[in-house]
1. Has the stretch 181-188 got at least one residue that is at pLDDT below 95, surrounded by fewer than 18 Cβ atoms within 10 Å (Cβ to Cβ) and not assigned by TED's automatic domain parsing to the domain that holds TRP35?
2. Considering only the stretch 18-58, state which residues are small (Gly, Ala, Ser) and in a helix (DSSP H, G or I).
3. Given the criterion away from the ligand (no atom under 16 Å from the Cβ) and farther than 21 Å from VAL193 by Cβ, identify the matching residue among ASP143, ASP46, ASP133, ASP104.
4. Scan the stretch 75-97 and tell me whether some residue there is more than 23 Å from ALA190 (Cα to Cα), of a type outside the set (D, E, K, R) and surrounded by fewer than 19 Cβ atoms within 10 Å (Cβ to Cβ).
5. Within the stretch 59-71, can one find any residue that is within 16 Å of the ligand (Cβ to nearest atom), part of a loop (DSSP other than H, G, I, E, B), closer than 30 Å to GLU201 by Cα and outside the structural domain of ALA171 (by TED's automatic domain parsing)?
Amino acid sequence: MREQKPLKYTALEGLSEKQLQEHHGVLYAGYVKKWNEIQEKLKTADRANPNGTFSELRELKLEETFALNGIKLHEGYFDGMGPGAATSGQLPATSAIRKWIEEDFGSFEKWLEEFKAMGVAARGWAVLAMDLDDGRLYNILCDSHNQGGVWNAVALLIMDVYEHAYFFDFATARKAYIDVFVKNIDWAVAEAVAERFRLAEFRK
Ligand code: FE
């Protein structure tokens with residue numbers, strides 16, 4: 001059983017309580033509920049008649065990763081923002097992540113330009129992640145929870161760009177939402193993720 005993680009805040013600068021509650025309390029909560037339901041169904045799923053066009057096992061395993069990545073991506077997204085983070089997207093010069101970004105993308109500004117543009121180009125997610133196999137940072141684009149992700153990678157920053165993430169507050173103005181997301185990034189959370197997974201050890 002997975003439990004829903006509570007939101008650390010009720011509203012953010014530029015993102016209303018209503019927008020966040022609909023997103024967290026309804027949509028994210030739904031992925032947790034469905035993942036738990038799938039785990040129950042998998043206990044008795046038919047393994048004797050697997051089929052690549054349609055079978056109970058195929059459908060359950062397909063939606064299991066959709067639901068699970070829906071949970072992981074949303075938890076990273078909500079955790080990665082913070083009220084009063086007020087960093088305006090900037091990272092202190094002493095930050096390890098800033099150093100890695102500068103090494104891998106040329107400059108913080110170049111990385112941010114690509115990350116924001118990917119928020120428009122993607123249909124679901126833009127993710128800054130470290131691929132543990134080469135220790136480099138990549139901006140990863142996903143159109144759906146279980147599409148486009150990279151294995152052996154650790155997500156440092158996750159931006160939801162589905163319409164449901166911003167439509168209540170911004171209507172179709174996705175670029176304005178992306179600017180608000182960037183302003184609310186709590187880089188201390190990304191730094192904590194880097195520490196937790198000892199990402200410095202993967203730099204070559
Ligand atoms: Fe979402």
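The values are calculated or read from the model by the stated rules, or taken from the named source; none is laboratory data. Bear in mind the structure is a predicted one, so any value in this text is a computation, not a measurement. Virtual Cβ from ideal backbone geometry, glycine too; neighbours counted across all protein chains shown.
1. Looking for residues that are at pLDDT below 95, surrounded by fewer than 18 Cβ atoms within 10 Å (Cβ to Cβ) and not assigned by TED's automatic domain parsing to the domain that holds TRP35, one finds at least one in the stretch 181-188, hence yes.
2. Scanning the stretch 18-58 gives GLY25, ALA29, GLY30.
3. Among ASP143, ASP46, ASP133, ASP104, only ASP46 is away from the ligand (no atom under 16 Å from the Cβ) and farther than 21 Å from VAL193 by Cβ.
4. no
5. no
To keep it simple, each residue is scored yes or no on (1) surrounded by fewer than 17 Cβ atoms within 10 Å (Cβ to Cβ); (2) in a helix (DSSP H, G or I); (3) in contact (Cβ under 8 Å) with a residue 24 or more places away in the chain; (4) of a type outside the set (D, E, K, R).
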site	(1), (2), (3), (4)
GLU109	yes, yes, no, no
ALA117	yes, yes, no, yes
ALA126	no, no, yes, yes
LEU141	no, no, no, yes
LEU156	no, no, yes, yes
ASP169	yes, yes, yes, no
GLU191	no, yes, yes, no
